[in-house]
Amino acid sequence: IKPHESILIIGAGGSIGMFAVMIAKSMGAKITVVDKAEKLPMLLKIGADETIDYQQEDYWATDKRFDVVFSTVAHSLYDKALSVLNPGGRYIVANPRFADLVRSVFTSSFTDKRSIVALALEKQEELEALKSMLELEKIQPIVGHVFPMHEAAKAHHLVESEGRRGAVILQMHQTSKA
C-alpha cells in the first residue's frame, strides 16, 4: 500500500477487515469500507474515510475507481471487483475459492490489473511489523465480547450471525478476585 492510494475494503467490519482498515490507514491510504450500517460508525472511528452500507447501496454501481479492492467476503464477485479497479489496480482476495486462484493467474497475465490470492504464512518479518504497529498504537485489537467457555455456542452464534463489533473472545478460565 502506498500513501494516498484508494482502497475499497469489502467486509471491513469483520476480524480481518478491521485490521485491514487500520493497517491501510497507517500506511496513508484513502479507505472506503463496505459493511452493514450498524458497523459503519465503528469503521469510521478506526480510520475509514468513506462508508457504504451494502444493504442499502450497490457498491459495485459506483463511478469511483480504486487502486486496491480487498475482499474478506467469501463468494465475492470477481468480475465486478475488477471493474472498479484503476488500470494497474490490485484485487486481493482473503477468502479465495479455487476458481479465484485460477482466475488470478489469467487476470495478472492478460490484463492491466493484478489479482492477488495469498495465504497468511505468518513470516517472522510480517509478525515483527505487526508487533511494531501494535506497540506504536497504529493498530489495536478491538474486543467486542468476552464469553466464558461454557457460553462457547453463544459466542459462535454471534460470530456466525456477523453481529459482532470486534473480536469475540472465549475466556478459558475464570480468575478469582482476592
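The values are calculated or read from the model by the stated rules, or taken from the named source; none is laboratory data. Owing to the predicted nature of the structure, the values given are computational and were not obtained by experimental measurement. Here the Cβ positions follow ideal geometry from the backbone for every residue, glycine too, while neighbour counts run over all protein chains shown. Remember, those area values only see protein heavy atoms, side chains included, never the ligands or the DNA or RNA. Shrake-Rupley method; radii C 1.70, N 1.55, O 1.52, S 1.80 Å.
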Please work out which option in (i) 17.6, 66; (ii) 16.3, 49; (iii) 33.6, 119 gives Rg and Dmax of the Cα atoms in Å calculated from these coordinates, and answer with its label. (i)
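Relative contact order of the chain: what whole-number percent is it, with Cα pairs under 8 angstrom and at least 6 residues apart?
Once normalised by length, the contact order is 18 percent.
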Taking the Cα centre as origin and putting +1 on Lys and Arg beta-carbons and -1 on Asp and Glu beta-carbons, what dipole magnitude results for region 69-178, to the nearest 20 debye? 220
Sort 92-98, 30-36, 131-137, 104-110 by the packing proxy (mean of other Cβ within 10 Å over each peptide's residues), most packed first. 30-36, 92-98, 104-110, 131-137
Treat every Asp and Glu Cβ in region 1-102 as -1 and every Lys and Arg Cβ as +1, leave all other atoms uncharged, and give the resulting dipole magnitude about the Cα centre to the nearest 20 debye. 300
With the other protein chains left in place, how much accessible area per residue, in square angstrom, belongs to region 68-178 at a 1.4 angstrom probe? 69
Once you order the gyration tensor axes a ≥ b ≥ c over the Cα atoms, which shape class does region 111-160 get: rounded for a/c under 1.5, otherwise prolate or oblate by comparing a/b with b/c? oblate
Considering only DSSP states other than H, G, I, E and B, which GluC sites (Glu not before Pro) in region 103-132 qualify as loop sites with at most 10 other Cβ atoms within 10 Å? Glu122
Ordered by packing density, taken as the mean number of other Cβ atoms within 10 Å over each peptide's residues, highest first, how do 65-71, 7-13 rank? 7-13, 65-71
Quick check for you: which residues of region 96-128 have the amide N under 17 Å from the point 7 Å beyond the Cα of Tyr54 toward its beta carbon? 96-97, 100
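Tell me the carbon and sulfur percent of the accessible area for the chain, rounded to whole percent, probe radius 1.4 Å. Write down the numbers at each step before the final one.
Values: 6190 of 10750 Å².
Ligands and nucleic acids excluded, carbon and sulfur give 58 percent.
Give the shape of region 44-139 as rounded, prolate or oblate, defined through the alpha-carbon gyration tensor: a ≥ b ≥ c are the square roots of its eigenvalues, a/c under 1.5 means rounded, and otherwise the shape is prolate if a/b is larger than b/c and oblate if not.
oblate
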Sparse-neighbourhood loop hits (GluC sites (Glu not before Pro), region 1-90; DSSP loop; Cβ within 10 Å at most 13 others) -> Glu57
Can you tell me the orientation of helix 15-26 relative to the chain, as the angle in degrees between its alpha-carbon axis and the longest Cα principal axis, to the nearest 10? 70
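Is it possible to state the helix-based mean residue ellipticity at 222 nm for the chain, with each DSSP H run of 4+ residues giving -39500 (n - 2.57), the sum divided by total residues, to the nearest 500 deg cm²/dmol? What is it?
Calculated at 222 nm, the ellipticity per residue is -9500 deg cm²/dmol.
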